[in-house]
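Note sheet for the following structure.
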Amino acid sequence: MTSQAPNSPQGYKTPVGILGVGHFVPEEVVTNQDLTKFVDTTDEWIVGRTGIRARRRARPDQATSDLAVEAARRALQASGTRAEDLDLIIVATMTPDCPMPATASMVQHQLGASKAGGFDLNIACSGFVYALVTGAQFVASGTFQRVLVVGADCMTRLMNWKDRSTCVLFGDGAGAVVLGPVEPGYGIIGVHTGVNGAGGPNLTVKAGGSRLPSWSEGVNPGDYYLQMEGPEVFRFAVSVMGEAAIKALENAGLTSEQVALFIPHQANARIIEASRKRLNLPLERVFSNVEHYGNTSCGSVPIALSEALEQGRIQNGDLVVLVGFGGGLSWASVALRWGGLSNS
Ligand code: UT7
């Protein structure tokens, strides 16, 4: 039998928590009104169906790694960690700078994280929460002391600006956390992950991979863009988000009544509201900033976590639940007890 810290997921030898958080969004704000100038939509429709009022767009010379590096620097500073002390960098993204090398290697270089290993993780918008679960394993096993987990995407690069059913929904941004050991009873106490590949065709970018290489003859311009069966994904999201939160909580022997702050993937205010009702949480225990940024994919959950901290919405000892969902179709959730920072 391996010894296990109290209240930590099966197999964690060392309790793992978030030591610091940071986020970065590009400067340019694209409002709903701006979109009405070139696509057949209205502010009323977008706000009513999604809750989104604005999103950020990266400059042409900015790529995902640029956003990731800024978010990472802020997380390093918040956690009091030097880049050269990082053991591992995981970048969750579905919009890497290029197919190769990995965005994590660019982040490593820009940060000067001289001893860190690194890799990218792609499971669409669920990526950050999956990367959190993955990164935590290295600390929990005692293999590493400091792991940087970044969620970053330039979703506007995948938009067909003539497709009103998708281009109004997404934006660019990045968030990052530094993981390390914490005191027993704190940090990540419950996790859950899932994927249902049968639903995969509902959310796709068809070209640019090995099935339909960018140079192949059969490629249509639309194949490079994100395509989505919105109502199908909506139904999936509503059914999975609350359930995923409950599974992570069950894993920790807890229920939703004990949750101080629920931080869901920021895709649509109606999906967030449906999951709030499923979890039976009052409005003030659910965080949302979808209004300002739209769906930033892998950036969504860590940006929300970072802003929640800035706004004083999380205190030491609070039970916080993070849930991501998206292409795959996929989902992941983490329950964590905030604080418990040790000096190691
Ligand atoms: O992180 C990945 C996750 N993605 C998501 O979570 C997205 C999940 N899906 C959704 O959030 C919603 O399905 C949407 C916001 C994408 C769409 O909302 P909906 O209530 O499911 O609308 P719909 O797709 O059923 O379309 C209703 C109508 C259609 O017109 P008709 O056929 O009824 O005449 C659409 O053509 O709304 C029309 N429509 C628009 N109208 C104005 C679709 N997009 C727009 C638009 N502006 N931007």
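Of the solvent-accessible surface of the chain, computed with a 1.4 Å probe and all protein chains present, 49% belongs to carbon and sulfur.
Taking chymotrypsin sites (Phe, Trp or Tyr not before Pro) as exposed when DSSP calls them loop and at most 11 other C-beta atoms lie within 10 angstrom, the chain has its longest site-free stretch at 39-214. By the gyration tensor of its Cα atoms, with a ≥ b ≥ c the square roots of the eigenvalues, what is the shape of segment 16-181: rounded for a/c under 1.5, prolate for a/b over b/c, or oblate? Prolate shape, in that a/c is at least 1.5 and a/b is the bigger ratio. Between helix 127-140 and the chain there is an angle of about 20 degrees, using the helix long axis and the longest principal axis of the Cα atoms.
Within the assembled protein chains, the solvent-accessible surface assigned to Cys98 is about 40 Å², based on a 1.4 Å probe. Of all the options Asn268, Asn202, Asn220, the one that moves most in a Gaussian network model of the chain with Cα springs shorter than 10 angstrom is Asn220. Heavy-atom accessible area for Lys115, with the other protein chains in place and a 1.4 Å probe, reaches approximately 120 Å². Taking every DSSP bridge with both residues inside segment 16-181, close to 65 percent are antiparallel. What does the net charge come to around Gly199 if you take all other residues with beta carbon closer than 14 Å to its beta carbon, with K and R at +1 and D and E at -1? Net charge in that neighbourhood comes out at -1.
Applying the Kirkwood pairwise sum to the alpha-carbon positions of segment 264-339 produces a hydrodynamic radius of 12.9 angstrom.
All other residues whose Cβ lies under 14 angstrom from that of Ala71 are scored, Lys and Arg at +1 and Asp and Glu at -1, for a net of -3.
Summing charges over neighbours of Asp40, with a neighbour being any other residue whose Cβ is under 10 Å away from its Cβ, gives +2 when K and R count +1 and D and E count -1. Under Stokes-Einstein, with the Kirkwood radius over Cα pairs as Rh, the value for segment 1-105 at 20 °C and 1.002 mPa s is 122 µm²/s. Solvent exposure of segment 16-181 amounts to 39 Å² per residue of accessible area, where only protein heavy atoms count and the probe is 1.4 Å. Protein heavy-atom accessible surface, 1.4 Å probe, per residue over segment 187-337: 42 Å². Solvent-accessible surface of protein heavy atoms, probed at 1.4 angstrom with all chains present, puts Met159, Met106 in the order Met106, Met159, largest first. Accessible area per residue was computed with a 1.4 Å probe on protein heavy atoms; Thr64 scores about 0 Å². Note on the chain: antiparallel DSSP beta bridges, both residues inside, total approximately 70 percent of the bridges counted. Does anyone have the angle between helix 230-251 and the longest principal axis of the chain? Alpha-carbon axes, 0 to 90°, nearest 10? With rounding to tens, the tilt is 0 degrees. The alpha-carbon positions of segment 203-305 define a convex hull whose volume is 131 Å³ per residue.
Its DSSP H runs of at least 4 residues, each contributing -39,500 (n - 2.57), put the calculated 222 nm mean residue ellipticity of the chain at -9000 deg cm²/dmol, to the nearest 500. Structure remark: mean-square fluctuation, Gaussian network model of the chain, C-alpha springs under 10 Å; the largest value among His265, His192, His109 belongs to His109.
Percent of Cα pairs in the chain per distance bin of 20 Å, from zero to the largest separation: 33, 59, 8, 0.
Straight-distance candidates among the aspartates and glutamates for linking to Lys115, with alpha-carbon spacing under 13 Å and chain neighbours fewer than 8 residues away dropped: Glu84, Asp85, Asp87.
Relative to the dominant Cα principal axis of the chain, helix 269-279 is inclined by about 40°.
The values are calculated or read from the model by the stated rules, or taken from the named source; none is laboratory data. No experiment lies behind these values; they were computed from the predicted model shown. Positions of Cβ are generated from backbone atoms using ideal geometry, with glycine treated the same way; all protein chains shown enter the neighbour counts. Surface areas here come from the heavy atoms of the whole protein model, side chains and all, with no ligands, DNA or RNA. Shrake-Rupley method; radii C 1.70, N 1.55, O 1.52, S 1.80 Å.
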